[in-house]
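The values are calculated or read from the model by the stated rules, or taken from the named source; none is laboratory data. Predicted, not measured: the structure shown is a model, and the values here were computed from it. No Cβ is skipped: glycine too gets one built from the backbone with ideal geometry, and neighbour counts run over all protein chains shown. Ligands, DNA and RNA are stripped out before the accessible areas are found, and what is left, the full protein with its side chains, is counted by its heavy atoms. Shrake-Rupley method; radii C 1.70, N 1.55, O 1.52, S 1.80 Å.
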Amino acid sequence: MTLDHWAPTDPLGMALHQLRMNGAFYGRSELTAPWGLTMPAMPGHIWFHIVTSGPALIQSLEGTPRPLLPGELALVPHGRGHLILGEPGAPAPNVMDIEREALSDRYELIRYGGGGTPTILICGAVRFDHPAARKLVEALPETIHVEVGGSPQQEWIHSTLRLMAAEAQQLRAGGEEVITRLGDILVIQAIRAWLDTDPAARTGWLGALHDEQIGRAISLIHQQPDRDWSVARLAAELTMSRSAFADRFTRVVGEPVMQYLTTWRMNLAMDALRTEQATAAQLARRLGYRSEAAFARAFKRVIGVPPGAVKRGDAPVVHNPTTAG
């Protein structure tokens with residue numbers, strides 16, 4: 001669970017450092033009017049859509065269509081179902097039900113529509129596995145839209161979009177690998193642009209990361225989950241009184257510091273159980289518990305099932321575990 005030796009020490013930088021993606025679906029869609037696609041709900045994933053040419057609209061299942069122009073990027077950070085349309089009201093079958101040609105193990109080609117005006121889209125669904133990345137994604141808005149002619153800070157996003165569009169015009173050898181990697185980069189670039197420009201990025205958990213003292217406490221917890229932390233020890237690291245630190249942490253973060261610490265440790269344990277097949281004894285040592293039994297009790301209290309159930313794959317996915325203390 002230790003971070004790479006070169007990982008940034010600021011808490012927001014750490015969260016960005018952990019934005020490493022596992023792609024569930026990437027595709028290039030060659031569409032002709034009239035056309036529409038329903039993107040199914042994929043909890044725990046981010047959908048992204050890039051228009052390289054032609055008209056397109058994005059629409060939530062309950063909302064109104066919003067134009068997506070060539071060279072624009074839309075993220076749906078929470079994996080909610082939504083529509084991509086060539087025109088309002090166009091028939092929109094589930095994208096998973098449309099015939100697709102597999103160009104690689106991660107990249108598919110879709111050709112669909114009624115033969116009219118063409119549109120080319122690059123779409124994908126990616127997942128962030130590390131707890132710091134998931135916490136950041138949970139704080140994102142329902143959609144992020146990077147428009148043409150945005151701020152000068154967004155020009156580097158548009159440069160990447162132009163490179164992707166050039167690759168999509170005519171797939172050459174290895175082109176699908178280039179496009180999937182560019183797609184991953186664009187998702188991170190769009191999130192960073194939102195963090196830099198949207199006032200909402202200064203509220204909630206993200207706002208806590210920007211707080212000089214509380215952000216430092218979160219950074220210490222994230223970097224050293226195995227330390228025998230207490231409210232007093234964390235307060236001393238920040239040269240704050242115990243009571244002032246405890247009150248400020250709860251007010252800024254929205255939960256008591258020891259609850260945050262325990263939940264963070266259990267998130268790390270969940271990942272290790274699923275990805276490393278780590279044992280409860282190993283995780284007890286790694287996360288600062290004095291015994292395997294103490295770790296197992298804490299894990300079951302927070303997650304609701306024993307560690308072995310997660311390791312066997314019998315437990316449900318828990319994205320926001322909470323603890324009673």
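Table for the structure above
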item: Sole residue being of a type in the set (A, V, I, L, M, F, W, C), within 30 Å of R192 (Cα to Cα), open to solvent by 20 Å² or more (accessible area, probe 1.4 Å) and not assigned by the TED database to the domain that holds A133, chosen from M266, M258; result: M258
item: Leading residue by the ranking (least open to solvent (accessible area, probe 1.4 Å)) among those in segment 216-238 that are touching a residue at least 40 places away in the same chain (Cβ under 8 Å) and among the polar types (S, T, N, Q); result: S219
item: Qualifying residues in segment 96-147 (those that are outside any strand (DSSP E or B) and free of Cβ contacts under 8 Å to residues at least 60 places away in the same chain) - the one farthest from the chain's Cα centre (by Cα); result: E99
item: Residue match in segment 60-72 (condition: β-branched (V, I, T), at pLDDT below 90, farther than 24 Å from A15 by Cα and surrounded by fewer than 15 Cβ atoms within 10 Å (Cβ to Cβ)); result: yes
item: Segment 166-180 - residue that is of a type in the set (A, V, I, L, M, F, W, C) and open to solvent by less than 20 Å² (accessible area, probe 1.4 Å) and, of those, modelled with the lowest pLDDT; result: A168
item: First in segment 290-308 and open to solvent by less than 50 Å² (accessible area, probe 1.4 Å), second anywhere and of a type in the set (A, V, I, L, M, F, W, C) and outside any helix (DSSP H, G or I), Cβ under 6 Å, 6 or more apart; result: I303/V318; V305/A315
